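Structure record follows, encoded as structure tokens.
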Amino acid sequence: MMLRCILASAIIWLLMASVMPSYPGLIFYGKLSGYFAAGLAIVLVSQIVMVLISALFSSDHATQVLPQSPTIVIQGLIAGNVVNAMPADTPPEELFATVFLVIALSSALTGGFLALLGLARAGGLVRYIPYPIVGGFMAGLGWLILDAGFRVLVELRLNAAALPLLLESDIMTRWLPAMVFALSILALRARVQSTLVLPGVIVASVLLFYFWAHALVGDIDKVAAAGWLLPDVANALRWTLPDLSAIARLQPTIFVAIADDVLTLMVVITLNLFLRASAQEVIVKRELNLNRECIVNGAANIVSAAVGGGVMAYHAPISSSLVEAMRANGRLVSLILVFMFALTLLIGGAVFSLIPRFIPAGLLMFFGLQFMKEWLFDSWSKLPRPDYIIIVIIALATALVGILPGIALGLVVAIGAFVREYSRMEVIKQEFSGSNHRSNLDRSFAQNQLLQIAGDKILILRLQGYIFFGSAYRFYEHLKSRVSAAEGGRLGFIILDFKSVRGLDVSTIVDFQKLKKLTDDKGIDLLFPMPRPNCSRCWWMPGSLKRGATSRLYLTIWTTPSNGARTFCFEKRRCWTPSASPSSSSWRSTRLFVRRTQARPRHFSSGWRPRSAIRFSIRETNRIRFTSSSLDGSMSYCAMRRAAPCGCAA
């Protein structure tokens, strides 16, 4: 077990030692390019703290938390904006101290955000982000990482203006080996499914480089002088803490300049943490406690910023898969890694001067190309075309404008596509006439005859799902066409059964208002049997469905079982007894007397006594009346309206 753990730690250390020298170049460049050794020490301190805390408190032993290019690219943008916001004549040492402090503060702030997500048990919310938005974001981030690889190697951005310079022979000889190195890893990983591909290509590339240097050039010192190797930092790695005196130099313009980038950093690390944690769950076949991972990662980033680190890190599923494949104990592997990185910081800085410069830059290019390949090329055959188009739009916007504008544009496009697709879902579950509807309600012979003769005048629609403004408009247009197609007054009643409707969007009230006006103009009675309380709540809102003098709107509330065989829906002026004087929005229990075997008299006389009585609840508002009734009760109402249009339904 110990031997397997040492071997796994050595492979992970080799990977990190190869890519780590590119990270200081992403943050400390331009005026700060002379602080490569200090930046490398900051990365090492961050690595030690993050690995140690994750090893002790992570929910899975195989978890490996490492600094990675997506977040470091954003931290490089923060550093660049800080430098641009400070006066041009600021000494380099003051620039470095200010940038170092801002990087540490941004790391602590982002770590606090992650910890709050975990404490609020909101770790799983990221899983609800639409897949195309995540895909477009990752593809655009891949382009930024690829651009960072060119910037580290030749200090040029990957754009149209720099293309002539990139094609010059002396500059091309710098970036071409890195691109070949990245494409080789990409091609081999597509064919060979092994975690040893990446370290194997790194070792082979280093051996080929030194073979070329000795066999063809013949002098390794001449190769180093030409800039093919990394700088010698054997005696320059120092563990330093952030200079708190630099707080006095933090002007408001700096905070304004970095606000967008800090917010972007929060988005980037949150999405990457959950994506990588989800990938680790698939690899190790164990579930992670995402809330705990957020808390641990956030706390580790805060501690790292406080003790002289600040380079953010999160889950590395490739390293976790290596630990799992070698059947090593992940926590022991992490502790050995901490020891190796500590030795590197203290006495092993000379090892970085042996690494060819194209290796770290080539790894950055590989990571960028891998993101773009996965989300732009592989997804072409996996996703529907509308989703793929959203990915391309977000990726282009991220590459051309920035991450936050790209995500905002993606959200707008994704919401529009969602509304378009969801509005196509049919909310009408069933549609039939009164002559086709049969129930277990015991009606009188006269009622059954009336329903059989005049059943075609009753249109019944069973609705389903959640109705929002898109589907409500299509539903209104359908009913409008049905009403227009009914010539010669063939349609007298429309019953909308809301029993299977889960909810209503408030904006749908506009379409129901238009439907109410249409039915009033056509002389059609509109009935809503058994709406759920969450649906009725929309109709109770001020200005929703107002009753007019000629209104033919009848609504019932879902307070009784669907077998409401003896409950009925009455017009507002006929529901209450003369002595009843209900206040607005109050519940009352009223005893209505109806005769079940003969037509009800036109008014309730004091000497009239029924054979049976029905007690049911009525809610009156200043706009509409709600009673407890089912679809069968509404059918009974339609039959009695046909038999006694001036009387109350029974």
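The values are calculated or read from the model by the stated rules, or taken from the named source; none is laboratory data. Bear in mind that the values here come from a model prediction, so they are computed numbers and not experimental data. Don't worry about glycine lacking a Cβ; one is built from the backbone with ideal geometry, like all the others, and counts go over all protein chains shown. For the accessible areas, the whole protein counts, side chains as well, though only heavy atoms, and no ligand, DNA or RNA atoms are used. Shrake-Rupley method; radii C 1.70, N 1.55, O 1.52, S 1.80 Å.
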Note to self: Just the residues that are in a loop (DSSP other than H, G, I, E, B) and open to solvent by less than 20 Å² (accessible area, probe 1.4 Å), please, taken from region 305-333.
What the structure shows: Gly308, Gly309, Gly310, Val311, Met312, Ala316, Ala328
Next item on the list: Report yes if Ser58 is hydroxyl-bearing (Ser, Thr, Tyr), at pLDDT below 90 and surrounded by 22 or more Cβ atoms within 10 Å (Cβ to Cβ), otherwise no.
Entry: no
Item checked: Selected residue (criterion: modelled with the lowest pLDDT) from residues of region 445-480 that are part of a strand (DSSP E or B) and more than 30 Å from Gly416 (Cα to Cα) -> Ile458
Margin query: Cβ-Cβ distance below 9 Å, separation of 6 or more or different chains: which pairs start in region 214-243 with a residue that is on the phi < 0 side of the Ramachandran plot and end on one that is assigned to a loop (DSSP other than H, G, I, E, B) and of a type in the set (A, V, I, L, M, F, W, C)?
Written below: Val217/Ala226; Leu229/Ile355; Leu230/Ile355; Ala234/Ile347; Trp239/Val307; Leu241/Val307
Next item on the list: Considering each of Val203, Val197 in turn, give the residue that is out of contact with any Asp or Glu (no Cβ under 6 Å at 6 or more places or on another chain) and open to solvent by less than 40 Å² (accessible area, probe 1.4 Å).
Entry: Val197
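Table: residues versus (1) touching a helix residue (DSSP H, G or I) at 6+ places or on another chain (Cβ under 7 Å); (2) within 26 Å of Ala120 (Cβ to Cβ).
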| position | (1), (2) |
| --- | --- |
| Arg292 | yes, yes |
| Val296 | yes, yes |
| Gly309 | yes, yes |
| Met312 | yes, yes |
| Ser319 | yes, no |
| Ala325 | no, no |
Next item on the list: State yes or no: is Thr71 open to solvent by less than 10 Å² (accessible area, probe 1.4 Å), outside any helix (DSSP H, G or I), touching a residue at least 24 places away in the same chain (Cβ under 8 Å) and in contact with a strand residue (DSSP E or B) (Cβ under 8 Å, 6 or more places away or on another chain)?
Entry: no
Next item on the list: Can you run down the residue pairs with Cβ atoms below 8 Å, 6 or more apart or on separate chains, where the first is in region 345-371 and closer than 12 Å to Ile185 by Cα and in contact (Cβ under 8 Å) with a residue 40 or more places away in the chain and the partner is open to solvent by 10 Å² or more (accessible area, probe 1.4 Å) and not in a helix (DSSP H, G or I)?
Entry: Phe367/Gln68
Checklist line | Close pairs from region 458-480: first among the hydroxyl-bearing types (Ser, Thr, Tyr) and open to solvent by 10 Å² or more (accessible area, probe 1.4 Å), partner outside any strand (DSSP E or B) and modelled with pLDDT under 85, Cβ under 7 Å, at least 6 apart | finding: Tyr473/Asp511; Tyr476/Asp511; Tyr476/Lys514; Tyr476/Leu515
Check: If Ile460 satisfies every condition in (1) within 30 Å of Leu198 (Cβ to Cβ); (2) touching a His at 6+ places or on another chain (Cβ under 7 Å) but one, which is the exception?
Finding: (1)
Next item on the list: Could you run through region 203-255 and say how many residues are assigned to a helix (DSSP H, G or I) and in contact with a helix residue (DSSP H, G or I) (Cβ under 6 Å, 6 or more places away or on another chain)?
Entry: 9
Next item on the list: Select from region 20-55 the residues that are in contact with a strand residue (DSSP E or B) (Cβ under 9 Å, 6 or more places away or on another chain) and not hydrophobic (A, V, I, L, M, F, W, C) and write down the one among them that is surrounded by the fewest Cβ atoms within 10 Å (Cβ to Cβ).
Entry: Ser54
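Would you say Leu3 is out of contact with any helix residue (DSSP H, G or I) (no Cβ under 8 Å at 6 or more places or on another chain), free of Cβ contacts under 8 Å to residues at least 40 places away in the same chain and either at positive phi or surrounded by fewer than 23 Cβ atoms within 10 Å (Cβ to Cβ) (or both)?
For Leu3, the condition - out of contact with any helix residue (DSSP H, G or I) (no Cβ under 8 Å at 6 or more places or on another chain), free of Cβ contacts under 8 Å to residues at least 40 places away in the same chain and either at positive phi or surrounded by fewer than 23 Cβ atoms within 10 Å (Cβ to Cβ) (or both) - is met.
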Checklist line | Residue list for region 119-139, restricted to those being more than 16 Å from the chain's Cα centre (by Cα) and either open to solvent by less than 20 Å² (accessible area, probe 1.4 Å) or without any contact (Cβ under 8 Å) to a residue 24 or more places away in the chain (or both) | finding: Ala120
Next item on the list: Output the qualifying pairs, or none if there are none: Cβ atoms under 7 angstrom, residues six or more apart or on different chains, first residue in region 299-320 and under 18 Å from Thr240 (Cβ atoms), second residue of a type in the set (Val, Ile, Thr) and not in a helix (DSSP H, G or I).
Entry: Gly308/Thr240
Checklist line | The one condition in (1) modelled with pLDDT under 85; (2) surrounded by fewer than 23 Cβ atoms within 10 Å (Cβ to Cβ) that Met372 fails to fulfil | finding: (1)
Next item on the list: From (1) open to solvent by less than 40 Å² (accessible area, probe 1.4 Å); (2) under 22 Å from Thr398 (Cα atoms), pick out the condition that doesn't hold for Ala182.
Entry: (2)
Next item on the list: Working carefully through the options Ile302, Ile336, Ile258, Ile269, find the one that is open to solvent by less than 40 Å² (accessible area, probe 1.4 Å), assigned to a helix (DSSP H, G or I), at pLDDT 90 or above and closer than 22 Å to Val126 by Cβ.
Entry: Ile269
Item checked: Sole exception among (1) over 31 Å from the mean Cα position of the chain (by Cα); (2) among the hydrophobic types (A, V, I, L, M, F, W, C); (3) assigned to a helix (DSSP H, G or I); (4) at pLDDT below 90 for Met16, by number -> (1)
Next item on the list: Looking only at region 421-435, count how many residues are of a type in the set (Asp, Glu) and either in a loop (DSSP other than H, G, I, E, B) or at pLDDT 80 or above (or both).
Entry: 2
Item checked: Scan of region 86-118 for residues that are of a type in the set (S, T, N, Q) and surrounded by 19 or more Cβ atoms within 10 Å (Cβ to Cβ), ordered by number -> Thr98, Ser106, Ser107, Thr110
Next item on the list: Name the residue, out of Ile390, Ile415, that is open to solvent by less than 40 Å² (accessible area, probe 1.4 Å) and either at pLDDT below 80 or closer than 30 Å to Tyr476 by Cβ (or both).
Entry: Ile390
Checklist line | Number of positions in region 481-520 that are buried (at least 16 other Cβ atoms within 10 Å of the Cβ), of a type outside the set (D, E, K, R) and assigned to a helix (DSSP H, G or I) | finding: 7
